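The structure appears right after this line, and notes come after that.
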Amino acid sequence: MLNESSQKFFIKTFGCQMNVYDSILISEKIKKLGYIETDNIKEADLILINTCAVRKLAEHKALSELGATKKLKEKNPKLLVGIIGCIAQKLGKKIISDFPFVDFVLGTKEMYKIPFYLQKLENSDISSGSHNILKLSLDEKIEGYKTEHVNSVSAFITIVRGCNNFCTYCIVPFVRGREESRSSKEILEEINAMASNRVKEIVLLGQNVNIFGKDNNESLEDLLYKINNINGIERIRYFTSHPKDVTENFIKNVKDIKKVCEHIHIPFQSGSNKILKSMNRKYTREEYIEKIHMIRKYIPNISITTDIIVGFSGETEKDFNETLDLLETCKIDSIYSFKYSPREGTISYKNFADDVLIIEKERRLKVLNDLANQISLECNNKYISTIQEVLWESISENNNSFIYEGRTRSYKKVFLTLNNKEIKLGEISKVKIIGASVFSLYGEIVKGV
Ligand code: 5AD
Ligand code: SF4
């Protein structure tokens, strides 16, 4: 146990919301050892880099961040530096040979045991240079790790880790291991603690949340019903849904769960059947369209977001046009778009050529985003003059007025300007939408409702 209470740690997080959640979880554990969090890397006694391996750029950024800590270590030989998560898992030993000053490299399952490894390091001779810890086992189940002090308006909580789908471009199954659902008992305990800390919105996370419980006889529907009964929680969201696992039964069930919001994130990745097959996505464009119809049949006002990759191996202009067409046909509210980035270790890296030129990937990305923006604006314009329930998440001050930022149940960002601070964060207000842009809505408070 550290007894110098002035010990400070700095944590840098790359990647998805699941990484953000992991960093919160790990930070709480480190604070229990007596460390204080700092946002100034220069004053830290412990630097942690939580990494993402999905695209090359994220890997590059994480390794540059690690490289930059070398100078800090030279100034302060007692400084501990660790790299954790997906890149740690992917590169392992190579990190230690390329960055020998690193103190620990903990993979995606070992990183939760960080307090144990920190105590080990405290008892070893850091200056000896041969102390570094490398732990990459993917064997154990991750159990018994919960956050306790989260008090934001909206909180992430991972419910499924890993993935069994092996989309050919994706590194996740290799660095995160097989699908593993947390027990609903543990999740509900964690959400109860969040509710008593005044969290209003729960965002359930997983690479593929709809398969929650498959491995331990539970289901996402049941979990949503149970969270719906927790006092204080007003909204529930879930990300990400693989199209093949969103069943009619699931949608029929969730449409009646009051706190579950009208939004689904359901990536289609490509609109070409040829590309979907080589991506191993396990559905066709026709099946995707049918699924979207089914979802909208039960929940007509649902908003739909998606992920799309351009320039995958073998993607021709015709394939790309089919992606544009699918986006248009499904009237997707907003997209997350990516240029295909071949990842060593994946199936596509081994078997297919990265044959779309970078300049062409960039062109396609721009064409795609221009169309997506146009559709987003059309979708958002439909909100004008409607009344929406908005949960307020942040507030900023500008020239004597207060700008509130919140979201509709359908996950649209809403801005509201007031002359005084009459609303508290975490409140839900009825808002009349008076303007719309590609990325947000603008509203005014509806009085007397
Ligand atoms: N290249 C580009 N995008 C990728 N994604 C996953 N792997 C890759 C890759 N190798 C995208 C997918 C996924 C999102 C999280 O990241 O669209 O849904
Ligand atoms: Fe990767 Fe596919 Fe699993 Fe998503 S579903 S994490 S894209 S392998």
For the subset of region 329-346 comprising residues that are surrounded by 20 or more Cβ atoms within 10 Å (Cβ to Cβ) and of a type in the set (D, E, K, R), which member is farthest from ligand 1 (Cβ to nearest atom)? ASP333
I'd like to check which helices (runs of 4 or more DSSP H) are fully inside region 302-385 and have at least 3 residues that are without any contact (Cβ under 8 Å) to a residue 12 or more places away in the chain. 358-381
Of the residues LEU80, LEU91, LEU118, LEU106, only one is in contact with a Gly (Cβ under 8 Å, 6 or more places away or on another chain) and either of a type in the set (Lys, Arg) or under 30 Å from GLU180 (Cβ atoms) (or both); which? LEU106
Among the residues of region 131-182, write down those that are among the β-branched types (Val, Ile, Thr), free of Cβ contacts under 8 Å to residues at least 60 places away in the same chain and away from ligand 1 (no atom under 16 Å from the Cβ). ILE133, ILE142
Which condition number in (1) part of a loop (DSSP other than H, G, I, E, B); (2) modelled with pLDDT of 95 or more is the one that MET1 fails? (2)
Quick one: how many residues across region 412-449 are β-branched (Val, Ile, Thr) and touching a residue at least 40 places away in the same chain (Cβ under 8 Å)? 7
Tell me, please, whether a residue that is closer than 29 Å to ALA193 by Cβ, modelled with pLDDT of 90 or more and assigned to a helix (DSSP H, G or I) can be found in region 94-101. no
Name the single residue that is nearest to SER241 (Cα to Cα) among those in region 182-227 being surrounded by fewer than 18 Cβ atoms within 10 Å (Cβ to Cβ) and charged (D, E, K, R). LYS214
Give me the pairs: first residue in region 30-55 and closer than 22 Å to GLY107 by Cα and part of a strand (DSSP E or B), second residue within 16 Å of ligand 1 (Cβ to nearest atom) and of a type outside the set (A, V, I, L, M), beta-carbon distance under 6 Å, and six or more apart or on different chains, which are they? ASN50/THR13; ASN50/ASN19; ASN50/GLY85; THR51/PHE14; THR51/GLY85; THR51/CYS86
Residues of region 288-301 being free of Cβ contacts under 8 Å to residues at least 24 places away in the same chain and within 12 Å of PRO243 (Cα to Cα), which ones? GLU290
Looking only at region 49-79, filter to residues that are of a type in the set (A, V, I, L, M, F, W, C) and touching a helix residue (DSSP H, G or I) at 6+ places or on another chain (Cβ under 6 Å); which one of those is nearest to TYR340 (Cα to Cα)? ALA53
Of SER376, SER410, SER385, which residue is in contact with a strand residue (DSSP E or B) (Cβ under 9 Å, 6 or more places away or on another chain) and at positive phi? SER385
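The values are calculated or read from the model by the stated rules, or taken from the named source; none is laboratory data. Quick caveat, the model's predicted, so the values are computed rather than measured. Reconstructed Cβ throughout: ideal geometry from the backbone, glycine too, with neighbour counts over all protein chains shown.
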